[in-house]
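Read through the structure below, which is laid out as structure tokens, and then see the notes.
The values are calculated or read from the model by the stated rules, or taken from the named source; none is laboratory data. Fair warning: this is a prediction, and the values are worked out from it, not measured in the lab. We place every Cβ from the backbone using ideal geometry, glycine too, and count neighbours over all the protein chains shown. Note: accessible area is taken over every heavy atom of the protein model, side chains too, but ligands, DNA and RNA are not part of it. Shrake-Rupley method; radii C 1.70, N 1.55, O 1.52, S 1.80 Å.
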Amino acid sequence: VRRVVLLTDFGTADGYAAAMAGVIAQGTPAAVAEHAAHDVAPGDILGAALALSRYAHYYPAGTVHLVVVDPGVGSDRRPLAASLDGRYFVGPDNGVFSLVLERAGEWEAVAIERVGLGEEAAPTFHGRDIFAPAAAYLAAGGRLSGLGPTVSDPVRLSLPRPRLDAGSATGEVLHVDRFGTLLTNIPGHWIAERAASPLRVRAGEIEVGPVRHTFSDVGSGELVALLGSLGWLEIAVRDGRAADALAMGRGAPVEVRIRSS
Amino acid sequence: VRRVVLLTDFGTADGYAAAMAGVIAQGTPAAVAEHAAHDVAPGDILGAALALSRYAHYYPAGTVHLVVVDPGVGSDRRPLAASLDGRYFVGPDNGVFSLVLERAGEWEAVAIERVGLGEEAAPTFHGRDIFAPAAAYLAAGGRLSGLGPTVSDPVRLSLPRPRLDAGSATGEVLHVDRFGTLLTNIPGHWIAERAASPLRVRAGEIEVGPVRHTFSDVGSGELVALLGSLGWLEIAVRDGRAADALAMGRGAPVEVRIRSS
Amino acid sequence: VRRVVLLTDFGTADGYAAAMAGVIAQGTPAAVAEHAAHDVAPGDILGAALALSRYAHYYPAGTVHLVVVDPGVGSDRRPLAASLDGRYFVGPDNGVFSLVLERAGEWEAVAIERVGLGEEAAPTFHGRDIFAPAAAYLAAGGRLSGLGPTVSDPVRLSLPRPRLDAGSATGEVLHVDRFGTLLTNIPGHWIAERAASPLRVRAGEIEVGPVRHTFSDVGSGELVALLGSLGWLEIAVRDGRAADALAMGRGAPVEVRIRSS
């Protein structure tokens, strides 16, 4: 089974995502299309990069990850195909692969110039006319180098970096998930290494409390700080939405400090 | 083809559902992931139980139904795997399997204790770290008993029961579907057995009228009571939304009576 | 691989779409269900017809396209199965196949009368009880003529026609997509043939400007008229929503004229 896993901001109702899946089915009938998500916020490159980083590495080697969140479609941004630790990635060179690249061991990338459709690509739908054919080609066992010339400098998002010092970690909210949970850029290992100390979390001006194990360590409706499943500090409300309770979103400041008792 | 059918409240945009599908693909490459739904309302165990009961039995024997609506994740609620009439079910022991259990002939269940990932489960994402590996194991032909010890008392939701007497049936709305149709707990067989009598339906204080055959038995925009495709009384508005027209939702009282003419 | 591609307005949370996929899996275990979309606006036959026309022809011959947007379910509208240029289409005869029929070379159609489930169809869920079994039958290699008698006059939507003359094209908005882009019924070839002339686009009373190549030909937040990837004139806002900026939707008038300079 050769899997092509799709991630876009196209929604599904308009048939754009299905057109990509159809192109893949026609190009490589044995490929299996899996739909990771099509409801990334329109144009949200960081949101797509985060989502991709949560699932890409769980798929087996040979999987083709097709990512089209592409506000610059038709401009001179490069169409990219890459191989990272045995998995393939296809999509616009706009930073959407930043986080999987950061984590990768071995990688190589090319700018897609030859896709073999024999038709001109529509300037507003490279997902269908360039990226899906390239994904189908890779799912059929095609070589990366057959798609175009090597790229050594794929675009990287400049993500906000947390500030770590002896007494505290200061970072910010990177993403709000479906549950209204705030995902921060404060690394879990900083917290895990200090788990014996009395850590206190603050979001903006609001005290959240210590870092807990799971949601049910607090009462229903209460704020809770957690070392999230993705390896970063998260702030949630049990059975509720922290983003609403705190009126905070992407970019909001978060601090963890070793309490001076 | 071994199918794993996923039902969660994770949404898709955050990549959580795709992480589960990736774990399944890695564990059992021949398995085919089908996505039933990821947009169950967050934490809505009854909603998930109802959805599952509408489709689980249509899938062929051997299908693995993976259900993760799990507000108690990381607490001491048990992770469950079960076999019901030849189909497998994996998910939290919080009542989400109540309705398929009620309908089942032969069943057995175990508490998942061994999943073979060789890593510690994140306390906030058992979907990825416990339930998906268990589903992959069953999709690969693994035996239920290999996952953990027998459970004889899976959690059952205590659903509101309709009251039936000679002259009427009294129940309530269990669910509002995408069309705004109200699905009640009044059983269709009670109505079918009295189809020769002049039945009248009332929702709250509002007269809906007789039990009809289908939507087009009334005019556009009008209320209609139906014996629904799921085997229960439903109240709809043709080309509209009964939930909005009646300002009613889960728990609203519904009555069917044999009209005293 | 025999693909059945589903398009409905059922949403997913209620389990209706999964019930259809389950019926297909049970009827033809080797079939692969792909979900094009389940979030067509409830009862929006034109929206479904447009979505289908964007992806159906990209799938390989033998694909079964199952479309259930069916506000007339249970009435006397015919259940339809058709073969168009080697692909199958199954769904209600309510116009949802209008656009793929318009484009088709060879086609034949039948009214579904025999589906072999051995149960009576629920009058409100033909998707599960008639259309999904028919799709499973075709995915298993069944012959179209085995489903019922020939239909020579499938229902066609009467779409608004653009008016073309020497100096201008006048049409209207057919659809608003996920990005808030307005898709019109003004054909791209009319524009392409006059690309050397100074074309000007107007939506309602608002001047949009010339027909451009892609979004990035204008600044962020600005209106742009494009020859869309579907072959029709579109009006968008770069990094924004034209439907909101113009407060326009389906039916709004659009004009392209050769500027008298």
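Points to keep in mind about this one:
- Size of charge dipole - region B:64-187 - debye, nearest 20, with Cβ of Lys, Arg +1 and Asp, Glu -1, no other charges: 200
- Loss of accessible area when C meets B, both sides summed, Å² nearest 100, probe 1.4 Å: 2600
- Rounded to the nearest Hz, the phi-derived 3J(HN,Hα) couplings of region C:59-75 under the Karplus curve 6.51 cos²θ - 1.76 cosθ + 1.60 (θ = phi - 60°) are 6, x, 3, x, 4, 9, 9, 10, 10, 10, 10, 9, x, x, 3, x, 7, where x marks glycine and proline.
- Accessible area, probe 1.4 Å, largest first, for residues B:Ser53, B:Ser220: B:Ser220, B:Ser53
- Comparing B:Ala195, B:Ala33, B:Ala243 in a Gaussian network model of chain B, where Cα atoms under 10 Å apart are tied by springs, the biggest mean-square fluctuation is seen for B:Ala195.
- A quarter of the convex hull surface defined by the alpha-carbon atoms of the protein assembly as shown gives 36.4 nm² as the mean projection.
- When A:His65, A:His126, B:His189 are compared by accessible area at a 1.4 angstrom probe, the order from most to least is B:His189, A:His126, A:His65.
- Looking at chain C, the accessible area is 38 square angstrom per residue; that uses a 1.4 Å probe and ignores ligands, DNA and RNA.
- Between B:Val155 and B:Gly95, the built amide H atoms are under 5 Å apart, and every one of these is 5 or more places off in sequence or on another chain.
- Square roots of 5 times each gyration tensor eigenvalue, C-alpha, chain A, largest first, Å: 39, 18, 16
- Accessible-area ranking of B:Tyr58, A:Tyr55, A:Tyr137, largest first, probe 1.4 Å: A:Tyr137, B:Tyr58, A:Tyr55
- Exposure of A:Leu223 as accessible area (Å², to 10), given a probe of 1.4 Å and all protein chains: 40
- From phi via Karplus (6.51, -1.76, 1.60), per-residue ³J(HN,Hα) for region A:240-254 in Hz, x at Gly/Pro: x, 10, 4, 4, 7, 4, 9, 6, 10, x, 3, x, 5, x, 9
- Region B:187-237: C-alpha pair distances exceeding 13 Å, %: 55
- Averaging Cα coordinates gives a centre for region B:130-164 and one for region B:1-71; these two points are 14 Å apart.
- Interchain or long-range residues, amide H under 5 Å from A:Leu84's placed H: A:Phe89
- Region B:156-217: C-alpha gyration tensor shape, a/c 1.5 cut-off, then a/b vs b/c: oblate
- Neighbouring partner chain Cβ atoms per residue of A:35-42, average, 10 Å criterion: 6
- Dipole of the protein assembly as shown, positive end: most advanced residue of A:Ala17, C:Gly146, A:Leu50 [Cβ charges, Cα centre]: C:Gly146
- Anisotropy class of region A:134-242 from Cα gyration tensor, a/c 1.5 cut: prolate
- Label distances, nm, A:Ser168 versus same residue in remaining copies, Cβ-directed 7 Å point: 6.4, 6.4
- At the residue level, A:Val110 shows approximately 0 square angstrom of accessible surface with a 1.4 angstrom probe and all protein chains present.
- Residues losing 40 Å² or more accessible surface upon assembly, region B:163-179, compared with the chain by itself, 1.4 Å: B:Arg178, B:Phe179
- For region A:10-122, the fraction of C-alpha pairs farther apart than 18 angstrom is 52 percent.
- Between the amide H of B:Val211 and those of B:Leu199, distances stay under 5 Å, these residues lying 5 or more places away or on another chain, with hydrogens modeled in the peptide plane.
- Taking the label point 7 Å along Cα→Cβ, B:Thr150 and its counterparts in the other copies are spaced 6.3, 6.3 nm apart, in ascending order.
- Using alpha carbons only, the radius of gyration of region C:59-182 set against its Kirkwood radius gives Rg/Rh = 1.05.
- Accessible area per residue was computed with a 1.4 Å probe on protein heavy atoms; B:Val173 scores about 0 Å².
- Helix B:45-55 axis, angle to chain B major axis (alpha carbon atoms, nearest 10°): 90
- Surface share of carbon and sulfur [accessible, 1.4 angstrom probe, percent] for region B:153-253: 51
- Counting charges near C:Val64 (Lys, Arg +1; Asp, Glu -1) among other residues having Cβ under 11 Å from its Cβ returns a value of +2.
- Per-residue ellipticity at 222 nm, computed for the protein assembly as shown from helices alone with -39500 (n - 2.57) per DSSP H run of at least four residues, works out to -5000 deg cm²/dmol.
- Distances between copies at C:His189, taken between label points 7 Å from Cα along the C-beta direction, are 6.1, 6.1 nm in increasing order.
- Anisotropy class of region C:1-61 from Cα gyration tensor, a/c 1.5 cut: oblate
- Global dimensions of region A:84-156 from alpha-carbon coordinates: Rg and Dmax equal 12.3, 36 Å.
- Evaluated with a Cβ-only charge set (Lys, Arg +1; Asp, Glu -1), the protein assembly as shown carries a dipole of roughly 500 debye about its Cα centre, given to the nearest 20.
- Residue-wise HN-Hα coupling along region B:172-180, computed from phi with Karplus coefficients 6.51, -1.76, 1.60 (Hz; x: Gly, Pro): 8, 6, 9, 6, 10, 8, 4, 8, x
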